[in-house]
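The block underneath contains the structure these notes are about, expressed in C-alpha cells.
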Amino acid sequence: MNHNNGPMLTDFLPTTKKECELRGWTQLDVILFSGDAYVDHPAFGAAVIGRIIEAAGYKVAIVPQPDWHGDYRDFKKLGRPRLFFAVSPGNMDSMVNRYTANRRMRHDDAYSPDSRHDMRPDYPSIVYTKILKQLFPDVPVVLGGIEASLRRFTHYDYWQDKLLKPILCLSGADFLLYGMGEKNTVALCNELAAGKPINEIGDIPQTSFIRREEDIPGGIKDDDIVLHSYEECLRNKKAHAENFRHIEEECNRMHGQRMMQKVGNVYVVQNPMYPPLTSEELDASFDLPYTRLPHPKYKGKTIPAYEMIKFSINMHRGCFGGCAFCTISAHQGKFVVCRSKESILKEAKKIISMPDFKGYISDLGGPSANMYGMHGRNLKACEHCKRPSCINPEVCPNLMTDHSKLLDIYHAVDALPGVKKSFIGSGVRYDLILHKSKDEKSNEAAMQYARELITKHVSGRLKVAPENTSDRVLKFMRKPSFKLFYEFKRLFDKINKEAGLHQQIIPYFISSHPACHEEDMAELAVITKGLDFHLEQVQDFTPTPMTVSTTAFYTGYDPYTLEPVYCAKTPREKLAQRMFFFWYKPEERQAIEHELRKIGRPDLIKKLYDGQPHHGRARYDSKAVGSSPEQPKTAKSARSPRPSRPARPDRSEQPPKSQKHKSFNPNFYPKRGRR
C-alpha cells in the first residue's frame, strides 16, 4: 500500500474485470456477490470473507450491490469462477435493513452510497442465487452471512407473515455456511479445489446442505437431532416452538450435535459449529491487509455505516447475554473470544495514522461493551453447558466477571500518542458491573470500571438498555430486574456528583415484546416519568428469524416451557403500547387517558398528569431528554420504583413449577450412546 498518496486500486479486492487484469488474473476461484457497498474494513462481512479467501491463496473478487434488473450484466461481468459463487446479503438481514417494525419501507440504507435505499432487493440471498443459477446452472452457489444464518431452518418471516422453508430450499443454493465464516469458507474452498463435487461434501463443520435420506452422510445416527418437519410445523405451531429450543441450545454448545429437518422428500442437514476460535485465530482475521476504506468507486459519496465505525475498534466476538430478542448467539455463539492486546493496539495505531483522525476513538467495544476477557473458570464445565445465557436468570458461578483486562486495554489505547479520548459506544451490561462475585478483586475492578467508564469514556450521555420495567416481561426477555437499573443509576449519579459532571443516562426500551401488555407499558410510563425521563431511545419489537421472542410471537408459546405467551400483533395493539413512551407529548394525552380507562387503570392518569384535568393541551416540554443526576425527583423515585397498584397477573404467563415438559418428538431425547 502506498501510504503517502493513499491505497492503490490493487490494494482492494477486485470488483471489475479491469481490476482483475491489473492483478494478472484471468480466472477467479470465487466471486462474492454482496448486498452491501464494498468497504474494505474488518467490520464489513464481505471484506472479511474476501480477505480470508485471498489469504488462503485463492483468487477472489467482490461484486457489491449488483443490479438485479434487466440483462443481469453485473452477474455476468466476471465470468465463471473455478470453485463457486458466494452470496451474502450484507451485514444486516435485508428485511430489517429495508423495512421498519410497521413493515414500511425505509427511506435510507446505511450500507449503500449516499444512503440510497434502492441498491438491494428484498431477500438478496434468494434473488441473487436464482439469477446465478439461471445464468450458470452448473456452478455451485454458496450462501453465507446473517440472512442465511438466521434462515437455515424453517423460520417465521414477519414481513410475509408466514412460516417459510429453510433458505436453501427457497433459493436453490447448493450449500450454506452459517455463523462467522473464516474456517468453514476456507475448508469448502480446499475441498472443491481438491476436485470433490459439492454434492459429496458433508463433513465440514458449521455448514448446511440438502440431501435425500439415503444420501445423508453416515445415515441418520442415534445422536442426530431430528427436528419436526416443515410440514408438521405448518400444522402445529407447538412443533415449531419446540424445534427452536433445540436449535438455540445447539448454537450455544461448544460441542454440538448434527441436526436435520425434513422438508418434503429431502432433509436439510446442519453440521455442528466449530469450537470457538482462539485469540490467535481471531487476531489473524483482523490483521489482514484491509485498506480500511470504501472502494474508490464510491469517491465523493458517503456510506453512513462506514462513517459510524471508521474510528472504532471491535475487541471481541460472541455474547453470553442470551437476550430473547437478539440474534448474536445464532450467528456468533455465546462464547466470548477476545483479540489480543497487541492486535487491538495495532489497529488503534492504524486508525491514528488515518489523515482525518482527530484524536477520538468512537468505540472500544464489541457485541457488548464489557465482556472482554470474561470466560468460564472451569472450561470443562463450559464444554458440557447448553444454557443460552451465562448471566440470566442468575450469573453463572463458573463465570469469571473480572473487568481488569478490559481496563488494561482502555489504559493502553488511551496512552497511545495521538489519542485524545476513547469512547464506549457499545451497549454496557450494568448487571455485570453490579454483580457481587466471591472474588473481591473482581468486585473492586467492576467499581473501578464503572468510575472510569463514566468519567473518561462517556460523551455526556451513557446509553444502557433496561428494555422494560416489568420484571415479568424482563424475565421473558432474559434481562435483569429493573431494580438493577435503579442501583446502577444511583451509582451513575454518585460518580457524576463526585466528579463534578452533569452527564445523562439514556435508557433503551422496547414495546410490544412478547409477554408485554398495555398495562406494563402504562406502568413503564409512570416509572420513567418518576425518573425524569422523556424517552427517545425506543422501538417496537421487530420479529427477526431465529430468536426466542420471534418464535413466541408467531406460535404464541414459550419455546422452553410450551406455556402460552401473550403477544401484541395488530397495528392497533402495537400502537396502544408504543404511545405510552410519549406520554409527555400533548397530542398523545387524550388517547392515553382513554386507553388507561379501557384497561381498568384510571389510577395511572393522576400519576402521569399530576391530577391536572385535560383541556386539549398540556404544558410539557416535548423535547426528549435523559435523566441527569441534579434532578431532585430521582432519589424519591428510586425509593418507590413501582406505582401503588400492582399489575394484574396473567395466569397464562406465570412460570410453571417445572421448566421440563414431555416432548412429543422422541428424537429430542437421547438414546443410549448419545452425548
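The values are calculated or read from the model by the stated rules, or taken from the named source; none is laboratory data. For clarity, every value in this text was computed on a predicted model and none was experimentally measured. Every residue, glycine as well, gets a Cβ built from its backbone with ideal geometry; the counts of neighbours run over all protein chains shown. In case anyone asks, the SASA skips ligands and DNA or RNA and just uses the protein heavy atoms, side chains included. Shrake-Rupley method; radii C 1.70, N 1.55, O 1.52, S 1.80 Å.
Just a few scattered comments:
- Qualifying positions in the range 400-422 - hydroxyl-bearing (Ser, Thr, Tyr) and within 15 Å of residue 452 (Cβ to Cβ): 404, 410, 422
- Residue 232 meets all of the listed conditions (1) touching a helix residue (DSSP H, G or I) at 6+ places or on another chain (Cβ under 9 Å); (2) in contact (Cβ under 8 Å) with a residue 24 or more places away in the chain but one, namely (2).
- Exactly one residue out of 404, 422 is closer than 19 Å to residue 343 by Cα, in contact (Cβ under 8 Å) with a residue 12 or more places away in the chain and in contact with an Asp or Glu (Cβ under 6 Å, 6 or more places away or on another chain), and it is 422.
- In the range 291-336, residue most open to solvent (accessible area, probe 1.4 Å) [restricted to those that are of a type in the set (S, T, N, Q) and closer than 21 Å to residue 353 by Cβ]: 314
- Where residue 197 falls short, out of the listed (1) at pLDDT 95 or above; (2) open to solvent by 10 Å² or more (accessible area, probe 1.4 Å); (3) under 30 Å from the mean Cα position of the chain (by Cα): (3)
- In the range 379-392, the residues that are of a type in the set (Asp, Glu) reach residues that are open to solvent by less than 50 Å² (accessible area, probe 1.4 Å) with C-beta atoms within less than 6 angstrom, at least six apart or across chains, in these pairs: 383/254.
- Neighbours by Cβ (under 8 Å, 6+ apart or cross-chain): first from the range 41-63, without any contact (Cβ under 8 Å) to a residue 24 or more places away in the chain and surrounded by fewer than 24 Cβ atoms within 10 Å (Cβ to Cβ); second not in a helix (DSSP H, G or I) and not small (Gly, Ala, Ser): none
- Residue-level check: of (1) in a helix (DSSP H, G or I); (2) within 30 Å of residue 331 (Cβ to Cβ); (3) of a type in the set (Gly, Ala, Ser), residue 525 misses just (2).
- Every residue from the range 173-191 that is crowded, with 23+ Cβ neighbours inside 10 Å, modelled with pLDDT of 95 or more and either in a strand (DSSP E or B) or of a type in the set (A, V, I, L, M) (or both): 173, 175, 176, 177, 188
- Answer residue from the range 514-549, given it is at pLDDT 95 or above and of a type in the set (Asp, Glu) and is most open to solvent (accessible area, probe 1.4 Å) among those: 518
- Pick from the range 486-513, criterion of a type in the set (Val, Ile, Thr) and modelled with pLDDT of 95 or more, ranking: farthest from residue 466 (Cα to Cα): 495
- A single member of 479, 489 is of a type in the set (Lys, Arg) and outside any helix (DSSP H, G or I), and it is 479.
- Of the set (1) β-branched (Val, Ile, Thr); (2) under 14 Å from residue 336 (Cβ atoms); (3) out of contact with any Ser or Thr (no Cβ under 9 Å at 6 or more places or on another chain), all apply to residue 391 but (3).
- If you go through the range 104-113 and keep only what is outside any loop (DSSP other than H, G, I, E, B) and either open to solvent by less than 40 Å² (accessible area, probe 1.4 Å) or touching a residue at least 40 places away in the same chain (Cβ under 8 Å) (or both), you end up with just 113.
- Some residue of the range 480-487 being polar (S, T, N, Q) and free of Cβ contacts under 8 Å to residues at least 24 places away in the same chain: yes
- When residues of the range 411-435 are limited to those that are open to solvent by 40 Å² or more (accessible area, probe 1.4 Å) and out of contact with any Phe, Trp or Tyr (no Cβ under 9 Å at 6 or more places or on another chain), the one farthest from residue 489 (Cα to Cα): 417
- For the range 140-172, a tally of residues being under 16 Å from residue 85 (Cβ atoms) and open to solvent by less than 10 Å² (accessible area, probe 1.4 Å) returns 8.
- Enumeration of residues in the range 114-139 that are open to solvent by 10 Å² or more (accessible area, probe 1.4 Å), part of a helix (DSSP H, G or I) and not β-branched (Val, Ile, Thr): 114, 115, 130, 133, 134, 135
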